[in-house]
Amino acid sequence: MLKKNTKKNTLDQKRIEILLEREPELLEQFLKEINNIQKPKIDAIAVTQGPGLEPALWVGLNFAKALATYWNLPLIPVNHMEGHILSVLLPENAKSKKIQVKFPAVSLLVSGGHTELVLIKDWMKYKKIGETRDDAAGEAFDKVARMLELPYPGGPQISKLAATFQGENPYKLPRPMIHTNDFAFSFSGLKTAVLYLLRDIGKPDEKMKIAIAKEFEDAVIDTLSYKTMRAIKKFKAKSLIVGGGVSANRALRARLENEVSKEKDLTLYFPTPSLSTDNSIMIGIAGYFRAQKKLNKKIPPNLTAQGNLTL
Ligand code: KG4
Ligand code: ZN
């Protein structure tokens, strides 16, 4: 029960019960705990609207609506991918200088659900210029890791194995679509190539796993960096912003750092490693940016989860 039986509280409780009617356990916890939580000193609540799996998005959205109702705060819907882009704005060291990104910028977004290149003419002005036709890069990392019997999430596991590789790699995997005249990606064929390789060589020992992990990682990085640098040249970008879980990959970071160092007037921005994978801070930053534009005290009435939300 919400505290004090005022008219407003009874109304709020009714609203919250409706918002969380499909999540009875969450509703029970909410009503039980909320009175013990002090309202934080915040001006608004930011919440992910999409893209992603809708049932999961709905839970977060309804919970945020309930909180915003209870604390009487505005609710700001955020695009998850914008969160990844803006995550680069939070410096590792709070004392470091304000980050000033020059435009146009190209953003490479690589996560478990997305692999896309976005042209950014100014903050919040996005144009998707290419994306994967099938699997996302992170998804390919996860699937190949499963084939190698590595635990989930597979990206960090493959990366750890690949970093121990030494010598000449006996395996050669394809770089799908690397030379196509566009900014599209494809990782499904690469994943299948690993499957066929494993079928041919049988159960791999540790050394073979390391070599496959390294060759797979190289194939993904070659494609990502090649197409990204192509986009940078075509659109005369002054900044490259990399975000999404796969941007935590050290070899990808090193490759892009090397590529960018060869260009004049091009600056590379990565989130700090802890902000590369999904986190609430990046959603907060994106909410902050959106709130500069308009802050509506009321919860947008038709706010729905959008699995396919694009930038
Ligand atoms: O952005 P994210 O945390 O969640 C989604 O929005 O999907 O990205 C998760 C993906 C997973 O596929 C995970 O395997 C991959 O990021 N990932 C990595 C690394 N760390 C996380 N992939 C390659 N190397 C890494 N170090
Ligand atoms: Zn993500």
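Where does each of 79-87, 103-111 land if you order them by average Cβ count within 10 Å, highest first?
Output ranking for 79-87, 103-111: 79-87, 103-111.
How much mean residue ellipticity at 222 nm does the chain get from its helices, if each DSSP H run of length 4 or more adds -39500 (n - 2.57) and you divide by all residues, to the nearest 500 deg cm²/dmol?
For the chain, the value works out to -14000 deg cm²/dmol.
Pop out the ³J(HN,Hα) list for the range 42-54 in order, Karplus 6.51 cos²θ - 1.76 cosθ + 1.60 with θ = phi - 60°, rounded to Hz; leave Gly and Pro as x.
Result, ordered by residue: 10, 9, 6, 10, 9, 9, 6, 9, x, x, x, 7, 4 Hz.
Just to confirm my numbers, what's the Cα centroid distance between the range 83-153 and the range 1-76 in Å?
Each part reduced to its Cα centre gives a spacing of 30 Å.
Mind listing the phi-derived Karplus ³J(HN,Hα) values for the range 243-256, rounded to whole Hz, using 6.51, -1.76 and 1.60 with θ = phi - 60°, and x for any glycine or proline?
Coupling constants for the range 243-256: x, x, x, 5, 5, 6, 5, 5, 5, 5, 4, 5, 5, 5 Hz.
I need the Debye-formula profile for the range 135-182: one equal scatterer per C-alpha, no solvent, reported as log10 I(q)/I(0) at q = 0.16 1/Å, two decimals.
-0.57
What's the Kirkwood radius of the chain in Å, using all Cα pairs?
21.4
Over the chain, what is the relative contact order in whole percent, taking alpha-carbon pairs under 8 Å and six or more residues apart?
Once divided by the residue count of the chain, the mean separation gives 26 percent.
For the range 102-152, what mean projected area does the convex hull of the alpha carbons give, in nm²?
In nm², the orientation-averaged hull projection of the range 102-152 is 4.3.
Please report the spacing between the Cα centers of the range 217-287 and the range 167-185 in Å, no decimals.
Centre-to-centre (Cα) distance: 18 Å.
When only Cα pairs under 8 Å and 6 or more residues apart are kept, what is the percent relative contact order across the range 48-129?
For the range 48-129, the relative contact order is 20 percent.
Can you give me the convex hull volume of the Cα atoms of the range 159-286, divided per residue and expressed in Å³?
138
Give the long-range amide H neighbours of I241: residues separated by 5 or more places, or on another chain, with amide H under 5 Å away, using H modelled in the peptide plane at 1.01 Å from N.
V106, S107, L108, Y269
Over the range 248-295, what per residue volume does the convex hull of the Cα atoms give, in whole Å³?
Cα-based convex hull of the range 248-295, divided per residue, equals 81 Å³.
Of all DSSP beta bridges in the chain, what percent run antiparallel (nearest 5)?
Of all bridge pairs located within the chain, approximately 45 percent are antiparallel.
Note the angle between two axes, namely the Cα long axis of helix 7-19 and the longest principal axis of the Cα atoms of the chain, as a number of degrees from 0 to 90, rounded to the nearest 10.
30
Can you list the residues, at least 5 places off or on another chain, whose amide H is less than 5 Å from the amide H of F165, using H built in the peptide plane?
Close amide H contacts, sequence-distant or interchain: none at all.
Mind checking the full-extension length gain between L2 and N181? Use 0.36 nm per residue of separation minus the Cα-Cα distance, one decimal, nm.
Here the segment from L2 to N181 would lengthen by 58.5 nm.
Which value, in Å³ per residue, describes the convex hull spanned by the Cα atoms of the range 186-260?
Expressed per residue, the convex hull around the Cα atoms of the range 186-260 is 102 Å³.
Counting pairs of Cα atoms in the range 50-160, how many percent are more than 26 Å apart?
40
For G130, what residues show an amide H to amide H distance below 5 Å, using hydrogens built from the backbone and excluding near sequence neighbours?
Amide H neighbours of G130: L117.
Can you sort D222, D278, D142, D265 from fewest to most other Cβ atoms within 10 Å of each residue's own Cβ?
D265, D222, D278, D142
Work out how far the C-alpha atoms of the range 19-104 reach from end to end along every principal axis, then list the three figures in whole Å, largest first.
The Cα atoms of the range 19-104 stretch 47, 30, 20 Å along the principal axes, largest first.
Every number in this text was worked out from the coordinates using simple rules, so none of it is lab data. Quick caveat, the model's predicted, so the values are computed rather than measured. Every residue, glycine as well, gets a Cβ built from its backbone with ideal geometry; the counts of neighbours run over all protein chains shown.
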